[in-house]
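Worksheet for the structure shown next.
Every number in this text was worked out from the coordinates using simple rules, so none of it is lab data. All of these numbers come straight from a predicted model, not from anything done at the bench. When we count neighbours, we look across all protein chains shown, and the Cβ atoms used for this are built from the backbone with ideal geometry, even at glycine.
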Amino acid sequence: MTELLRKQTDELLNELKQKNIDIQDYINHNENSFIEINLRTMWEELFKKSNKSKSDIINNADISYIYFYEILQGKKIPTKDKIVRLILAMELSLDDCQMALKYCNHSQLYPRIKRDSLIIYAIENKLNLYDLQELLNSNGEKELK
């Protein structure tokens, strides 16, 4: 039932753009429209969705075990490149990658940026990390860190 009460993002933004808005009224009236971002839950859901072992994800993403578990516990917010590494290792979708980037306060992949286009291609075509690194290099772009 709360889903029915949720407003579209554009509706919320239009309300906020009004000149004499009472911000407290806005907050109170739109309580059901706000999302609560729990990075730990988001990562756990993505890991489950991948059906990959944690060991395989760590190895395929080429990240340290400690760093991986700090991400999983919500203690670390991964960089944009680390998120891409994890998404590739888990063989998840571009939508999953964009969501993770957004929730971790990173810019989403943008196809007008050459490097981002190569990353999008890699995600869509289920390339592994090493194939993406080679693709980035051969196109004069920086490798994922």
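Which GluC sites (Glu not before Pro) in the stretch 15-51 sit in a loop by DSSP (not H, G, I, E or B) and have at most 16 other Cβ atoms within 10 Å of their own Cβ? Please report the intermediate quantities before stating the final value.
Working: sites: Glu15, Glu31, Glu36, Glu44, Glu45; in loops: Glu36.
Hits after loop and neighbour filter: Glu36.
Cut-off 12 Å, label point 7 angstrom out along Cα-to-Cβ of Asn139: give me the residues of the stretch 91-120 whose amide nitrogen falls inside.
110-120
Write out the GluC sites (Glu not before Pro) in the stretch 104-145 meeting two conditions: DSSP loop, and at most 14 other Cβ atoms within 10 Å of their Cβ. Don't skip to the end; give the middle numbers.
Numbers: sites: Glu124, Glu134, Glu141, Glu143; in loops: Glu141, Glu143.
Passing sites in the stretch 104-145 are Glu143.
Could you let me know the centre-to-centre spacing of the stretch 107-145 and the stretch 28-92, using Cα atoms, in angstrom?
For the stretch 107-145 versus the stretch 28-92, the Cα centre distance is 19 Å.
For the chain, just list the percent of Cα-Cα distances falling in each 5 Å bin from zero outward, please.
The calculated distribution, bin by bin, is 2, 9, 16, 18, 15, 12, 10, 8, 6, 3, 1.
Rounding to the nearest 10 and keeping the result within 0 to 90°, find how far the Cα-based axis of helix 114-124 lies from the longest principal axis of the chain.
Taking the Cα atoms of the chain, the angle to 114-124 is about 80 degrees.
Once both labels are modelled 7 Å past Cα along the beta-carbon direction, what's the Thr79-Lys102 spacing in nm?
Each label point lies 7 Å from its Cα, and together they span 2.5 nm.
With the cut-off at 27 Å, tell me which of the pairs Lys54/Lys126; Lys7/Lys48; Lys48/Lys82; Lys76/Lys145 have Cα atoms farther apart than that. Present the calculation step by step, with values, prior to reporting the outcome.
On the way: Lys54/Lys126 18 Å; Lys7/Lys48 29 Å; Lys48/Lys82 18 Å; Lys76/Lys145 16 Å.
Pairs exceeding the cut-off: Lys7/Lys48.
Nearest 10 degrees, 0 to 90: what angle lies between the long axis of helix 39-50 and the longest principal axis of the chain (Cα atoms)?
With rounding to tens, the tilt is 50 degrees.
Points 7 angstrom from Cα along the Cβ direction at Ile35 and Asp56: gap in nanometres?
Placing both labels 7 Å beyond Cα along the Cβ direction yields 2.7 nm.
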